[in-house]
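**Student:** Next up is a structure, given as structure tokens.
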Amino acid sequence: MSDYDSLIERILNTSFVWVSGSVKDVVGLCMTVIGLDGFVAIGDRVEIKARSGRSVQSEVVGFQGEVARVMSFGSLEGIGPGCEAKVALDRRENGLRVNDGWLGRVVDPLGQPIDGRGPLPSSFRCQPSQCPPPGAASRARLGDRIDLGVRALDTFTTCRRGQRLGLFAGSGVGKSTLLSMLARGADCDVAVISLVGERGREVREFIEDDLGPDGLARSVLVIATSDSPPLMRREAALSAMAIAEYFRDQGKSVLLLMDSVTRFCMALREIGLSAGEPPATRGYPPSVFAELPRLLERAGPGYPDQGMITALFTVLVEGDDQNEPVADAVRGILDGHIILDRKIGEQGRYPAIDVLRSLSRAVPRCNSDEENALTCQARAAMATYQRMADMIRLGAYKTGTDREVDEAITLMPKLNQFLSQGREEHSTRAEAFEQLGAIMHALPQITPQNAA
């Protein structure tokens with residue numbers, strides 16, 4: 001960063017009009033601040049000065065009469081009654097000064113670099129972390145098909161530019177590995193990756209081993225580890241969306257990968273309960289299910305003269321329950337869902353995508369009639385095999401009894417091999433359909449006479 005850029009950044013981050021109050025008490029994750037009534041509103045940033053002298057960035061999350069309830073983006077250590085609380089009246093915008101120079105960088109939810117590569121270049125324009133999505137009647141329609149680089153997805157859950165898909169799985173089923181394959185192999189201009197509540201130990205492994213130098217070069221990573229305060233975990237999702245919107249507004253095709261929406265909702269639950277909101281569905285306060293569509297609807301096509309945000313949101317289903325509240329709400333908002341099944345992973349097939357339970361709502365209109373017929377034929381074979389699997393394993397089924405079952409038995413080894421894909425292996429959509437067609441068209445005719 002040049003001296004001129006550094007000076008501009010200091011000017012942009014300097015406030016000249018402050019109003020001061022003080023901390024009245026601290027209970028749990030929340031502080032009550034007095035002296036700011038009439039000057040602050042929900043979402044305003046408040047700077048708390050701890051007794052040690054450090055400044056702690058905080059946000060107003062609620063009110064109790066004229067007293068503001070404030071939560072911190074950092075540790076509450078050293079904060080007590082009487083600590084000074086200040087709000088800048090000339091800097092009400094909450095957002096990031098995103099710049100093209102952010103590509104290849106790793107930042108925290110507040111836009112501070114955490115990769116040890118020096119300061120980030122700044123833009124004069126602040127990209128708001130919370131803003132409404134493009135108007136429903138005026139935003140563009142979905143674009144053409146996008147190569148995701150994963151055979152199972154490109155054929156059975158074909159995705160269009162601007163589409164939003166949910167990736168549903170329990171812990172340890174391979175979500176992070178699949179995300180890394182998408183980040184490296186998907187056909188996009190920019191990838192924005194948000195790790196919300198991720199294990200701190202796995203972050204560097206994800207960047208160096210899973211993402212790699214090529215994937216990182218076209219990506220921006222926003223990271224808040226599991227030990228981060230709930231506001232930071234919430235902001236990790238909002239900031240990633242803001243960064244994706246910045247590149248979308250430049251006319252670029254953006255791939256947004258967020259892991260995971262469930263931890264975003266857990267952070268919202270902690271914030272809501274700490275602010276005094278009553279719990280509702282499985283402990284989640286109502287505000288969680290109001291905030292969720294506000295985030296997810298921001299992804300997708302922009303206006304006709306803009307780019308598109310193709311988004312994949314992972315959902316960490318509790319106890320592998322696909323109908324738990326967050327999973328159920330997300331599935332109803334997005335344009336399709338991809339199910340990762342633990343049993344498939346235990347059989348050694350990765351990515352462990354359950355093709356029969358996965359769905360892309362854009363498939364009928366984006367694939368050709370021949371491609372749709374091909375995938376329907378393959379789905380039918382897999383469904384038939386799944387229905388008869390127990391009898392086949394027990395040896396109770398006799399070859400030649402049912403032609404469809406015989407075909408399914410012949411196809412399943414080849415289909416399983418087709419659906420398996422190594423972490424470093426890349427495939428285009430055209431190659432995937434060609435391979436699937438070769439499998440289905442080479443099916444031998446099995447009759448009771450030649451079965452023996």
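**Student:** Does at least one position in region 206-224 carry a residue that is outside any loop (DSSP other than H, G, I, E, B) and hydroxyl-bearing (Ser, Thr, Tyr)?
**Tutor:** Looking through region 206-224, at least one residue is outside any loop (DSSP other than H, G, I, E, B) and hydroxyl-bearing (Ser, Thr, Tyr).
**Student:** Follow-up question, since we're still on this one. Kindly list, by first and then second residue, each pair from a residue in region 248-259 that is farther than 15 Å from residue 218 by Cβ and open to solvent by 10 Å² or more (accessible area, probe 1.4 Å) to a residue that is of a type in the set (D, E, K, R) and assigned to a loop (DSSP other than H, G, I, E, B), limited to pairs with Cβ atoms under 8 Å and residues at least 6 apart or on different chains.
**Tutor:** From region 248-259, the pairs are 251/305.
**Student:** What residue, of 299, 267, is at pLDDT 95 or above, more than 25 Å from residue 216 (Cβ to Cβ), open to solvent by less than 10 Å² (accessible area, probe 1.4 Å) and in contact with a helix residue (DSSP H, G or I) (Cβ under 8 Å, 6 or more places away or on another chain)?
**Tutor:** Every option except 267 fails the conditions.
**Student:** So how many residues does region 327-350 have that are on the phi > 0 side of the Ramachandran plot and open to solvent by less than 10 Å² (accessible area, probe 1.4 Å)?
**Tutor:** Of the residues in that region, 1 qualify.
**Student:** Now, a different point. Being without any contact (Cβ under 8 Å) to a residue 24 or more places away in the chain and part of a strand (DSSP E or B) is the filter; apply it to region 22-59 and report the residue that is nearest to the chain's Cα centre (by Cα).
**Tutor:** 56
Yes or no, residue by residue, for (1) more than 28 Å from residue 363 (Cα to Cα); (2) in the same structural domain as residue 112 (by the TED database); (3) within 19 Å of the chain's Cα centre (by Cα):
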position: 122; (1), (2), (3): yes, yes, no
position: 139; (1), (2), (3): no, yes, no
position: 148; (1), (2), (3): no, yes, yes
position: 151; (1), (2), (3): no, yes, no
position: 186; (1), (2), (3): no, yes, yes
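**Student:** Counting just the residues of region 75-107 that are open to solvent by less than 30 Å² (accessible area, probe 1.4 Å) and not in a strand (DSSP E or B), which one comes out farthest from residue 51 (Cα to Cα)?
**Tutor:** Only one residue tops the list, namely 104.
**Student:** When residue 358 is evaluated against the numbered criteria (1) open to solvent by 10 Å² or more (accessible area, probe 1.4 Å); (2) under 28 Å from residue 268 (Cβ atoms); (3) touching a Phe, Trp or Tyr at 6+ places or on another chain (Cβ under 7 Å), which criterion, by number, is the only one it fails?
**Tutor:** It is condition (1) that residue 358 fails.
The values are calculated or read from the model by the stated rules, or taken from the named source; none is laboratory data. No experiment lies behind these values; they were computed from the predicted model shown. So basically every Cβ, Gly included, is an ideal-geometry build from the backbone, and we count neighbours across all protein chains shown. The protein model used for the area step is the full one, side chains on, heavy atoms only, and it has no ligands, DNA or RNA in it. Shrake-Rupley method; radii C 1.70, N 1.55, O 1.52, S 1.80 Å.
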